[in-house]
Amino acid sequence: MAKDKKLVEQVTPMNEDFAKWYTDVVKNAELIEYSGIKGCMILRPNGYAIWENIQKELDRRFKETGVENVYMPMFIPESLLQREKDHVEGFAPEVAWVTQGGNEELAERLCVRPTSETLFCDLYSNIVQSYRDLPKVYNQWCSVVRWEKTTRPFLRTAEFLWQEGHTAHATAEEAEERTIQMLNVYADFCNEVLAIPLLKGKKTDKEKFAGAHATYTIEAMMHDGKALQSGTSHNFGDGFAKAFGIQYLDKNNKLSYVHQTSWGMSTRIIGAIIMVHGDDSGLVLPPRIAPTQVMVIPIAMQKEGVLDKAKELYDSLCGAGLRAKLDASDKSPGWKFSEQEIRGIPARIEIGPKDIEAGQCVIVRRDTREKTVVPISEAAERLKEILENEQQDMYDRAYEHLHSNLYAADDYESFKDIIANKPGFVKAMWCGDEACELKIKEDTTATSRCIPFEQEKISDRCICCNKPAKAMVYWGKAY
RNA sequence: CGAGGUGUGGCUAAGUUUGGUAUAGCGCUGCGUUCGGGACGCAGAGGUCGCAGGUUCAAAUCCUGUCACCUCGACCA
């Protein structure tokens, strides 16, 4: 066998065809299976377990900020959806409708929720009467349906899993504070748990949520330099409250409208994990989110005592609180290595007759394939250190990638040149006019990703129209 | 929704031009030998050729219709 033979041949190399690489990873890591319905994917155990861990960790962080979980119906009567004009216009092209129940045609058709603002608003209009009823800080974990024309696993599917938080507050200040607070919960979660660095900022009016007063976003850069909007937090002001009549009596016995927020993160974030950390051998999961953190692989396990020792090691890892698995199948070791790698399991431990004789085992990191020989008795502790380093190194590499592909442009020709020829984002000044956004999109296919909180002054003039600039904007091609 | 492309065992394909027994590799099952980077031998299982009509003695192959999926645009988390 040739020495330079690729270890994993099922995965198309990234630089050959990134889109195909992505699909190969998703399929070969057994995250999903296509279903018979266009745009609807089946989440297999490897994929769903990642989502379960995301849920567990995010839900814990939500609850630390006072969030309570609820569950709303999946159907929305058409009349309810129609109540807020911008909202219905934004979502109408992609809602699925139920027109019949059993054999009876419905008097009013029901939409399958594309998002649940209207239901929460309807609820709040009924249960909020006094300032004493505020704030309401509700969240639900559910799936929503959006009839998409072009779909890709995780990134854009007709039905997807997410959480949607919906809050109602007495004052505009409190609503703005909650909006930013939740954006930061998402950002911290991505940084600390998913090892994904981000750009945080505000969406332009063109890109903001239908019906929102302001939308804030976290934008991540994928390996191919494209942007993925990874989580959003919206401040609705009192627009929905006015449309739905959500009023309360304040301390002065004055009738006031509530101020609302909503915020969501979806299974799309799994697409970000894949495209930020993956490599040509497959998926690479950050240790803190990985359903299985280490795979114990016995070598020559038919030999006396090997399997027993491997089981012993596996037990000690589990006992130390690590999420471990033992691969005692009758596949060859090489096959098991590749399998562990394509599934993105952050580490494996090889243990064979030679190791057992020497009282040691071999820890191999997924991201760098670096091997560390450690005494069996210290395996759990050393593995914990290695996983922590791996988590940090993954973040550092992604941070380096993000910032080394972030360019600045102060004239339109160089702006267009960078967008056309270099993967990544460009920061450039903008006049605030939607016409310039549209022109830039037409000329380059790039869109405004966000107006970052940390502003820099690159020039005084809009990159596109040369009128006085209002803000610096990150621009990029997006998923 | 526009423009292209593809549908043949679980997967990847050959066969379609010129109609004539349904093919290969991988995967799967059983037994045995192996085991430090996708091992090997032997024996097996598995396909109404996307679907519906039509032409023909005979259709994966020709004709008509239809559906699904993929890629690129437009639209969107």
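Of the residues A:Gly201, A:Gly231, A:Gly165, which is closer than 24 Å to A:Gln247 by Cα and in a strand (DSSP E or B)?
Of A:Gly201, A:Gly231, A:Gly165, the one residue that is closer than 24 Å to A:Gln247 by Cα and in a strand (DSSP E or B) is A:Gly165.
Residues A:Gly334, A:Gly264: which one is assigned to a strand (DSSP E or B) and either of a type in the set (Asp, Glu) or within 10 Å of RNA strand B (Cβ to nearest atom) (or both)?
Just one listed residue meets the conditions, A:Gly264.
Counting just the residues of the stretch A:150-166 that are farther than 17 Å from A:Lys20 by Cβ and in contact with a Phe, Trp or Tyr (Cβ under 7 Å, 6 or more places away or on another chain), which one comes out modelled with the lowest pLDDT?
A:Ala158
What tally of residues in the stretch A:430-445 results from selecting those that are within 27 Å of the chain's Cα centre (by Cα) and either polar (S, T, N, Q) or more than 16 Å from RNA strand B (Cβ to nearest atom) (or both)?
2
Being assigned by TED's automatic domain parsing to the domain that holds A:Trp263 and at positive phi narrows it down to one residue among A:Phe154, A:Phe120; which is it?
Criteria check complete, one pass: A:Phe154.
On the basis of being polar (S, T, N, Q), crowded, with 20+ Cβ neighbours inside 10 Å and within 15 Å of RNA strand B (Cβ to nearest atom), does A:Thr179 make the cut?
For A:Thr179, the condition - polar (S, T, N, Q), crowded, with 20+ Cβ neighbours inside 10 Å and within 15 Å of RNA strand B (Cβ to nearest atom) - is not met.
Could you say which residue among A:Ile54, A:Ile42 is outside the structural domain of A:Gly344 (by TED's automatic domain parsing) and either in a loop (DSSP other than H, G, I, E, B) or in contact (Cβ under 8 Å) with a residue 12 or more places away in the chain (or both)?
The match here is A:Ile54.
Write out, first by first residue and then by second, each pair whose Cβ atoms fall under 6 Å of each other, whose residues are 6+ apart or on separate chains, and whose first residue, in the stretch A:21-39, is within 18 Å of A:Ile50 (Cβ to Cβ) and small (Gly, Ala, Ser) while the second is in a loop (DSSP other than H, G, I, E, B) and more than 9 Å from RNA strand B (Cβ to nearest atom).
Filtered contacts from the stretch A:21-39: A:Ala29/A:Leu283; A:Ala29/A:Arg343.
All but one of (1) in a loop (DSSP other than H, G, I, E, B); (2) buried (at least 19 other Cβ atoms within 10 Å of the Cβ); (3) in contact (Cβ under 8 Å) with a residue 40 or more places away in the chain hold for A:Lys208, so report the exception by its number.
(3)
Kindly evaluate A:Val70 against the criterion of being assigned by TED's automatic domain parsing to the domain that holds A:Lys208 and more than 23 Å from A:Arg268 (Cβ to Cβ).
Spelling it out, it is not the case that A:Val70 is assigned by TED's automatic domain parsing to the domain that holds A:Lys208 and more than 23 Å from A:Arg268 (Cβ to Cβ).
Give A:Lys427, A:Lys384 a once-over and let me know the one that is in a strand (DSSP E or B) and more than 16 Å from RNA strand B (Cβ to nearest atom).
A:Lys427
Yes/no per residue for (1) surrounded by 23 or more Cβ atoms within 10 Å (Cβ to Cβ); (2) out of contact with any Phe, Trp or Tyr (no Cβ under 9 Å at 6 or more places or on another chain); (3) at pLDDT 95 or above; (4) among the acidic types (Asp, Glu):
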| position | (1), (2), (3), (4) |
| --- | --- |
| A:Val284 | yes, yes, yes, no |
| A:Ile297 | yes, no, yes, no |
| A:Gly305 | no, yes, no, no |
| A:Ala310 | yes, yes, yes, no |
| A:Ala320 | no, yes, yes, no |
| A:Ser338 | no, yes, no, no |
| A:Ala347 | yes, yes, yes, no |
| A:Ala358 | no, yes, yes, no |
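Filter the stretch A:113-162 for residues that are among the polar types (S, T, N, Q) and within 13 Å of RNA strand B (Cβ to nearest atom); which is surrounded by the fewest Cβ atoms within 10 Å (Cβ to Cβ)?
Checking each candidate, the answer is A:Thr150.
Looking at A:Asp315, A:Asp367, which one is modelled with pLDDT of 95 or more, outside the structural domain of A:Arg461 (by TED's automatic domain parsing) and away from RNA strand B (no atom under 16 Å from the Cβ)?
Of A:Asp315, A:Asp367, the one residue that is modelled with pLDDT of 95 or more, outside the structural domain of A:Arg461 (by TED's automatic domain parsing) and away from RNA strand B (no atom under 16 Å from the Cβ) is A:Asp315.
Between a first residue in the stretch A:346-364 that is in a strand (DSSP E or B) and within 7 Å of RNA strand B (Cβ to nearest atom) and a second residue that is polar (S, T, N, Q) and at pLDDT 95 or above, which pairs have beta carbons less than 8 Å apart while being 6 or more apart in sequence or on different chains?
Correct list of pairs: A:Val362/A:Thr372; A:Val364/A:Thr372.
Can you tell me which residues in the stretch A:52-76 are charged (D, E, K, R) and under 17 Å from A:Val137 (Cα atoms)?
Across the stretch A:52-76, the qualifying residues are A:Asp59, A:Arg60, A:Arg61, A:Lys63, A:Glu64, A:Glu68.
What is the one condition in (1) closer than 23 Å to A:Thr157 by Cβ; (2) modelled with pLDDT under 85; (3) near RNA strand B (Cβ under 9 Å from one of its atoms) that A:Tyr22 does not satisfy?
Condition (2) is where A:Tyr22 drops out.
Please go through the stretch A:45-67 and pick out each residue that is surrounded by 14 or more Cβ atoms within 10 Å (Cβ to Cβ) and more than 30 Å from A:Pro135 (Cα to Cα).
A:Asn46, A:Gly47, A:Tyr48, A:Ala49, A:Ile50 - these are the residues of the stretch A:45-67 that are surrounded by 14 or more Cβ atoms within 10 Å (Cβ to Cβ) and more than 30 Å from A:Pro135 (Cα to Cα).
Looking only at the stretch A:57-103, how many residues end up being more than 15 Å from RNA strand B (Cβ to nearest atom) and part of a helix (DSSP H, G or I)?
13
Looking at the stretch A:220-234, I want the residues that are at positive phi and in the same structural domain as A:Met265 (by TED's automatic domain parsing) and have a partner that is within 10 Å of RNA strand B (Cβ to nearest atom) and in a loop (DSSP other than H, G, I, E, B) with Cβ atoms under 8 Å, at least 6 apart or on another chain. Which pairs are those?
A:Gly225/A:Lys477
Output the number of the condition that A:Ala220 fails; it satisfies all remaining conditions of (1) within 23 Å of the chain's Cα centre (by Cα); (2) within 14 Å of RNA strand B (Cβ to nearest atom); (3) surrounded by fewer than 24 Cβ atoms within 10 Å (Cβ to Cβ).
Failing condition for A:Ala220: (3).
The values are calculated or read from the model by the stated rules, or taken from the named source; none is laboratory data. Predicted, not measured: the structure shown is a model, and the values here were computed from it. Neighbour counts run over all protein chains shown; Cβ positions are idealised from the backbone, glycine included.
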